[in-house]
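**Student:** Pasting in a structure now, in structure tokens, and then I'll have a few things to ask.
The values are calculated or read from the model by the stated rules, or taken from the named source; none is laboratory data. Being a predicted model, the structure only gives us computed values, none of them experimental. Cβ: placed from backbone, ideal geometry, glycine included. Neighbour counts: every protein chain shown. When the accessible area is computed, the model is the full protein with side chains, heavy atoms only, and any ligands, DNA or RNA have been set aside. Shrake-Rupley method; radii C 1.70, N 1.55, O 1.52, S 1.80 Å.
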Amino acid sequence: GEGALQKVFEALKKQLEELGFFAPERKRTLPRLVKKIGLITSAQGDAQKDFFTHLGQHGFEVDFFNVKVEGMYAIEEIVKALRYFNEQPEPPEALVLIRGGGSLESLQAFNSEAVARAIFASKIPSHRAAWRDPAGQNPMR
């Protein structure tokens, strides 16, 4: 159940904190004026549409990488996307990894050690967002 998943998540968070993953000196600063964003999310959900509605129409160049955000291959695809953007000759100045809501179970890819390690290894400032709204309301709208 969700109680067991929460315990696993808290244990991983503690382990990563002890390894310095959340140390303030590890945070990468965004350039003052970001021009190019790497967007990592599913083409199937509302997150991509919301992103383009709220940010994509403000002059940013957005490179989109379609991934599964839950299920069997989600972790692998998200890690692949993070590596892809980091290997580009002209990488984006920021990465945004987003998804819509869901249960704690469906958010497991975002809470995985592999994704945390890929973000930690990234040279590009990364922002991760997932919202969970039990009432079914999308707070991005």
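**Student:** I'd like the full set of residues that are of a type in the set (D, E, K, R), assigned to a loop (DSSP other than H, G, I, E, B) and within 23 Å of residue 54 (Cβ to Cβ), limited to region 82-113.
**Tutor:** Hit for region 82-113 is 93, nothing else.
**Student:** OK, next. Residues in region 52-81 that are assigned to a loop (DSSP other than H, G, I, E, B) and either under 20 Å from residue 36 (Cβ atoms) or in contact (Cβ under 8 Å) with a residue 40 or more places away in the chain (or both): how many?
**Tutor:** 7
**Student:** Out of the residues in region 96-107 that are in contact (Cβ under 8 Å) with a residue 60 or more places away in the chain and not polar (S, T, N, Q), state the one that is least open to solvent (accessible area, probe 1.4 Å).
**Tutor:** 104
**Student:** Here is a follow-up. Run down 86, 66 and say which single residue is open to solvent by 40 Å² or more (accessible area, probe 1.4 Å) and either in contact with a strand residue (DSSP E or B) (Cβ under 8 Å, 6 or more places away or on another chain) or of a type outside the set (Gly, Ala, Ser) (or both).
**Tutor:** Only one candidate qualifies: 66.
**Student:** Oh, and also: Kindly indicate whether any position in region 108-117 is polar (S, T, N, Q), at pLDDT 90 or above, open to solvent by 20 Å² or more (accessible area, probe 1.4 Å) and touching a helix residue (DSSP H, G or I) at 6+ places or on another chain (Cβ under 9 Å).
**Tutor:** no
**Student:** Please give the number of the condition residue 71 fails out of (1) small (Gly, Ala, Ser); (2) at negative phi; (3) surrounded by fewer than 20 Cβ atoms within 10 Å (Cβ to Cβ).
**Tutor:** Unmet condition: (2).
**Student:** Here's something else I'd like to know. Mind listing whichever residues of region 16-27 are in contact (Cβ under 8 Å) with a residue 24 or more places away in the chain and either surrounded by 12 or more Cβ atoms within 10 Å (Cβ to Cβ) or among the small types (Gly, Ala, Ser) (or both)?
**Tutor:** Matches in region 16-27: 16, 21.
**Student:** Spot the failing condition for residue 46; the list is (1) within 22 Å of residue 119 (Cβ to Cβ); (2) under 16 Å from the mean Cα position of the chain (by Cα), and only one is missed.
**Tutor:** Result: residue 46 passes all but (1).
**Student:** Does residue 49 qualify as being of a type outside the set (Phe, Trp, Tyr) and assigned to a helix (DSSP H, G or I)?
**Tutor:** yes
**Student:** Within region 53-63, count every residue that is open to solvent by 40 Å² or more (accessible area, probe 1.4 Å) and over 22 Å from residue 80 (Cβ atoms).
**Tutor:** 7
**Student:** Out of all the residues in region 23-42, which are in a loop (DSSP other than H, G, I, E, B), of a type outside the set (A, V, I, L, M, F, W, C) and closer than 26 Å to residue 100 by Cβ?
**Tutor:** 27, 28, 42
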